[in-house]
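These notes are about the structure you will find just below.
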Amino acid sequence: MSTDMTLKIKKTGFDSFFLHQGEEGLAAFEKGMEQVINKLKEVYSNTEQPFIGKTPAEIEKEIAGIMNFAGKGRSLQEVLNELEGPILRNSLHISHEKSMAHLHCPPLLPGIIGECIIGTLNQSMDSWDQSTAATYVEEGMVKWLKEAVGYPETSDGVFTSGGTQSNYMGLLLARDSFCQNQWGHNVQKQGLPADFQRLCILCSEDAHFTVKKSASQLGLGEQAVITVKTDEHHRMSMKDVQVVLKRLEEDGMLPFALVATCGTTDFGSIDPLPELASIAEENSLWFHVDAAFGGGLLLSHSHRDKLEDLEKADSMTIDFHKLFYQPVSCGVFMVKDRRHFGFLSHHADYLNPEKDEDDGIVNLVTKSTSTTRRFDALKLYLSLKTMGVEIFGKMIDRTMELARYTAEYLEGLSNIDLKNKHPEINTIIFRYKPSGGGTDLDELNRAIQQSLLHEGKGVIAKTAVDGETFLKLTLLNPRTGEEDIHELMDEIDKTATQLMNGGLARV
Ligand SMILES: *Cc1c(COP(=O)(O)O)cnc(C)c1O
């Protein structure tokens, strides 16, 4: 029987490029994977620094040198050897303990392995007939998250490419729901209502830029986003939000959504969710919580309480490629009342005919602004299963502990001006500030960040606080230790001294 089957596998000229039961396909799969693993092992086993330190021009030139596709194909091994230098060695080593710039996490191994399975299966989440089992895995992960959030049975969610898409979806549903309730106007069918220029969205001045970007894409314009002042902890000011609401009412504006940020990009601050939930309710505003960053605290053992009243949100954004340690990309959009997904649904005869719904067939395209969509739920599934939520929570708590330690340590250093003595999540904002004065601090701090990057000593970020340049550590890696922080700060001190002695512009 099995010999008959093998005999039936036809020979084509493409057999070693596809997965199939023939010996050639399976052997090529195994050999290719082995070669990739060996190459990556080789690179990682002798990468000492988070970044090789080359300039953009140098890297651009090396990449240009390998972008030729004419001629015959070559063996995978040969191509891997060729790209090792330009691509692998010139990449940011994001899992390095001193990679601590952005909300860009070291990926968990189960997540990386998950990517391999995702690519191999290549399911597409839009319709059941392209993602049979995967549909239920994604639905199962959404159910797990509903319980973790404390969301009601009526809630629902869908995986997204990240916070940008999730925030856009939240504001889209908010806009369409408001127009429906206010004027019986169907934006999906009729476009924007006549009075659209009165529509506005409230968020804090520290909210993510994608709130404005969404407003512009929703046809409301960035001017529709009204920013509320923040308090000394960079949280939305409860006083100012009332002032703004009153002013908007007097001006005849129609605020329809209140966006709270749970983990701002720079300070990691969390807007007061319970108060904002009440304000949203009193003013009939759609309450969207952007928890792209802070959503990771759901699994924390010691800091879960920071997410109090998260479940009051009408919709929320959570990124799994941040504090859930998944490879890019992986995010989710959640909505408290699943009926709101109706504003997105469109029935295509070839994909999700209405007849399918009658037959109980689940086509997830009805809940998304995307059509073809990755089976990202699998990598989160694998990570939670293999690590277990207990260890997962400990991992997040460890990074919180390190952030607290780092703040205390920096507080004790001379020449360091620490901006957040009590980090809300795990970012640290500070600048180098020599006691003598007489130095352009913005230029000095920018130069420190650049110099560390090009020496490969540390990958840290720079940002602006009240118009001044500051440095930022985003401490996502649970393997980063206190000693890494000490070494980094010593390096910053050394670099700053060299820069100042080297005649950095004086003011
Ligand atoms: C990262 C982030 C976003 C954007 O999410 P992407 O996953 O990069 O698209 C939005 N809001 C906040 C608060 C974020 O931290």
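The values are calculated or read from the model by the stated rules, or taken from the named source; none is laboratory data. Note that the structure is predicted; figures quoted are calculated from it, not measured. All Cβ positions, glycine included, derive from the backbone under ideal geometry; neighbour counts span all protein chains shown. Ligands, DNA and RNA are excluded from the accessible area calculation, which covers all protein heavy atoms including side chains. Shrake-Rupley method; radii C 1.70, N 1.55, O 1.52, S 1.80 Å.
Would you list the P(r) distribution for the stretch 394-501, with all Cα-Cα distances sorted into 10 Å bins from 0 and each bin expressed as a whole %?
15, 50, 30, 5, 0
Please give the per residue accessible area of the stretch 394-501, computed with a probe of 1.4 Å over protein heavy atoms only, in Å².
41 Å²
Report the per residue volume, in Å³, of the convex hull enclosing the C-alpha atoms of the stretch 124-374.
125 Å³
So how far apart, in nm, are the two label points at Glu147 and His233 if each is 7 Å from Cα heading toward Cβ?
3.2 nm
Please list, by residue number, everything in the stretch 465-501 whose backbone N is under 17 Å from a paramagnetic label point 7 Å out along Cα→Cβ of Glu48.
484, 487-488, 491
Find how much the distance from Asp440 to Ile59 grows on full extension, using 0.36 nm per residue of separation minus their present alpha carbon separation; answer in nm with one decimal.
Working it through step by step, the gained length comes to 134.1 nm.
Please identify the longest segment of the chain free of exposed GluC sites (Glu not before Pro), where exposed means a DSSP state other than H, G, I, E or B and no more than 11 other Cβ atoms within 10 Å.
With GluC sites (Glu not before Pro) excluded where exposed in loops, the chain gives 233-507 as its longest stretch.
Calculate the length of the line joining the C-alpha centroid of the stretch 157-207 to that of the stretch 87-133, in whole Å.
30 Å
How much of the accessible area of the chain, in percent, comes from carbon and sulfur atoms when a 1.4 Å probe is used?
Roughly 53 percent, rounded to a whole number.
What is the list of residues in the stretch 242-267 whose amide nitrogen lies under 11 Å from a point 7 angstrom out from the Cα of Glu275, following Cα to Cβ?
Only 242 pass the distance filter.
Mind checking the full-extension length gain between Tyr136 and Thr12? Use 0.36 nm per residue of separation minus the Cα-Cα distance, one decimal, nm.
Fully extending the segment from Tyr136 to Thr12 adds 41.1 nm.
What is the distance, in nm, between label points placed 7 Å from the Cα along the Cα-to-Cβ direction at Thr497 and at Leu109?
4.0 nm
Return an integer: the convex hull volume of the alpha-carbon atoms of the stretch 292-415, in Å³ per residue.
It comes to 158 Å³ per residue, whole-number rounded.
Between the stretch 250-312 and the stretch 319-370, how many Å separate their Cα centres?
Taking the Cα centre of each part, the stretch 250-312 and the stretch 319-370 sit 23 Å apart.
Rounded to two decimals, what is the ratio between the C-alpha radius of gyration of the chain and 2.2 N^0.38 Å?
Working it through for the chain, the quotient is 1.09.
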